[in-house]
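The values are calculated or read from the model by the stated rules, or taken from the named source; none is laboratory data. Bear in mind that the values here come from a model prediction, so they are computed numbers and not experimental data. Cβ placement follows ideal geometry from the backbone for every residue including glycine, while neighbour counts extend to all protein chains displayed. Side chains included, ligands, DNA and RNA excluded: accessible areas come from the protein's heavy atoms. Shrake-Rupley method; radii C 1.70, N 1.55, O 1.52, S 1.80 Å.
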Amino acid sequence: MTTRIPVGIEAISTHIPRHFIDLKTLAKANGTDPDKYYHGLGGRRMAVIQPGEDPLTLAVEAARKLFDRYSVKRKDIGLVIVGTETAIDAAKPIAAYVHGILGLPGECRTFDTKHACYGCTAALKTAADWCRSGSARGRKALVIATDIARYDNDSPGEPTQGAGAVAMIVGQSPALLALEDYPEAVFTEDAMDFWRPHYRTTAVVDGHASIDNYLKALESTYRRFKHESGLAFEDYDYLLFHVPFPKMAFKAFRLLYEREMKSENGNRFENMETDYRARSWPALWANIEIGNVYAGSLYISLASLLEKQSLRPQSRRLGFFSYGSGCCAEFFSGRVGPDASAWEGKIGLQEALDNRIELDHASYRRFRAESERLLKNGSFQEDLRLDDMGEATILFCGIRDHQRVYSIIPDSSRRRRHDDAANKNKEERELFTVRVYS
């Protein structure tokens, strides 16, 4: 490994929608055996956006928490990259909107990265290279994964939906995760396993092809990384994988285990199950509760691992596999920082999950239909009413004259929105308009 400037993640925070539906509720409404979702997919619940939330609001909320909870200063940001596959505009990046809403410095580069669920890893590695190159000049990068996974109602993909955002600060003081600087291990192959045409708000997926491509890319990138790094399977304390559904992480772990840990005794499967429970399962507890966050799924797992202090992840080596349909993939590694106080109590995953509101199936469908309606020009609704806004600081109010309109909620008004307070909040908030191109 070449010794260069240490680079990696200095801070991480998450934002999860306030509402969820239990997959048992969805299964009952779809006439499906709940075991198919619970055990076949490995999930339990999925996050659901309500009208007023979109990929930009999720990104802003996650990033705001970084600046509120860590010592990083907005004036030190010189690069903003958003990894997403559910962009709100075909031309202007979410990163530009985030930059403006958060009031980041003008001397700053902003752009989005897209390759399905690989998008945030592309952002992270680009930010790391920017820091190593010297172009950063002491500044830091803000990297965000934000996505809303959405498939057709009653489709096989529906129970794998989810939503959320992960925000990270990348710089030369990687208190959370130092990226190990080995030669890259990447894989690309043009494939039609998952895609979303411009004329659709929901994705199209060939599930069997996607799983096959995922495993093919994992085997290729892992083999390459092992050759270049010299690291063996046993050298990783934890192995984190892209999580389109939690059971996929088990399939991925099994492939590597059977490839690397060949055994002549009859207990190989038992040993694999034990190893999986020790090295991959501990990072999945939040994915199981949230569902697929596309570009953010791998980094939800990282946040999960860091937040569970009982796992003592400090100074541990992590292996990461990132996959994006289409397809592009990468295997890389990093070491967790030695001092848990650098992130303890700042990530916010458990806090968000503890304060969620469960939806029945009718409410889930109502939320979905109203969110779809807000994506059409002329949908702007100044008196948008939400079931529960929680601690939201920004709301998407629809589109007016081909411009998305957002409501910025002042600190004084960050409280639950009840009928008696609705008019007051409406009067106090400031409308923030950003331009989109049709």
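Key figures
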| quantity | calculated |
| --- | --- |
| Gyration tensor (Cα) of the range 207-277, equivalent ellipsoid semi-axes in angstrom | 19, 17, 12 |
| Relative contact order of the range 54-100, defined on C-alpha pairs under 8 angstrom at six or more residues apart (%) | 45 percent |
| Rel. contact order, % - alpha carbon contacts under 8 angstrom, at least six apart, the range 9-155 | 25 percent |
| Relative contact order [Cα under 8 Å, 6+ residues apart], the chain, whole percent | 23 percent |
| Nearest-0.05 FRET efficiency for CYS108 and ASP154, computed from C-beta distance (R0 35 Å) | 0.20 |
| Within straight-line cross-link reach of LYS24, aspartates and glutamates at Cα separation under 15 Å, skipping those fewer than 8 residues along the same chain | ASP33, ASP35, ASP154, GLU158, GLU289, GLU358, ASP360 |
| Neighbourhood charge, 11 Å Cβ-Cβ cut-off, centred on ASP360 and excluding it, Lys, Arg +1 and Asp, Glu -1 | +1 |
| In the range 246-338, trypsin sites (Lys or Arg not before Pro) in a DSSP loop with at most 11 other beta-carbon atoms within 10 Å | LYS262 |
| Pairs from LYS226/LYS247; LYS73/LYS346; LYS226/LYS262 whose Cα-Cα separation, in the structure shown, is over 20 Å | LYS226/LYS247 |
| Listed residues ILE211, ILE16, ILE394, most fluctuating in the chain (Gaussian network, C-alpha, under 10 Å) | ILE211 |
| Length added when fully stretched, ASP383-SER71, from 0.36 nm per residue minus Cα-Cα | 108.7 nm |
| R0 of 25 Å, Cβ-Cβ distance ALA91-TRP195: FRET efficiency to nearest 0.05 | 0.80 |
| Cα→Cβ-extended label distance, 7 Å offset, between ARG132 and LYS308, nm | 3.0 nm |
| Area of THR160 that stays accessible when all protein chains are in place (1.4 Å probe, Å², to 10) | 20 Å² |
| Of all DSSP beta bridges in the range 1-134, antiparallel share, percent nearest 5 | 40 percent |
| Which labelled figure in (i) 1.42; (ii) 0.95; (iii) 1.28 is Cα Rg over 2.2 N^0.38 Å, once derived from the coordinates | (ii) |
| Protection proxy ranking of 131-138, 361-368, 345-352 - average other beta-carbon atoms within 10 Å, highest first | 345-352, 361-368, 131-138 |
| Cβ-based net charge around GLN309, under 13 Å, with every Lys or Arg adding one and every Asp or Glu removing one | +1 |
| Low-density loop cleavage sites - chymotrypsin sites (Phe, Trp or Tyr not before Pro) in the range 174-231, where at most 14 other Cβ are within 10 Å (DSSP) | TYR199 |
| Accessible surface of the chain, 1.4 Å probe, proportion on carbon and sulfur as whole % | 47 percent |
| Gain upon complete extension [ARG4, TYR182; 0.36 nm per residue less C-alpha separation] | 63.0 nm |
| Accessible solvent surface per residue of the chain, calculated while the other protein chains remain in place, 1.4 angstrom probe, Å² | 41 Å² |
| Pairs from LYS125/LYS251; LYS75/LYS140; LYS92/LYS140 whose Cα-Cα separation, in the structure shown, is over 20 Å | LYS125/LYS251; LYS92/LYS140 |
| Loop-located trypsin sites (Lys or Arg not before Pro) in the range 24-66, at most 15 other Cβ atoms within 10 Å (DSSP) | none |
| Net charge over other residues, Cβ less than 9 angstrom from the Cβ of LEU104 (K, R count +1; D, E count -1) | +2 |
| Chain lengthening between ASP206 and ARG373 when straightened (0.36 nm per residue, less Cα-Cα) | 57.4 nm |
| The chain - share of DSSP beta bridges that are antiparallel (%, nearest 5) | 70 percent |
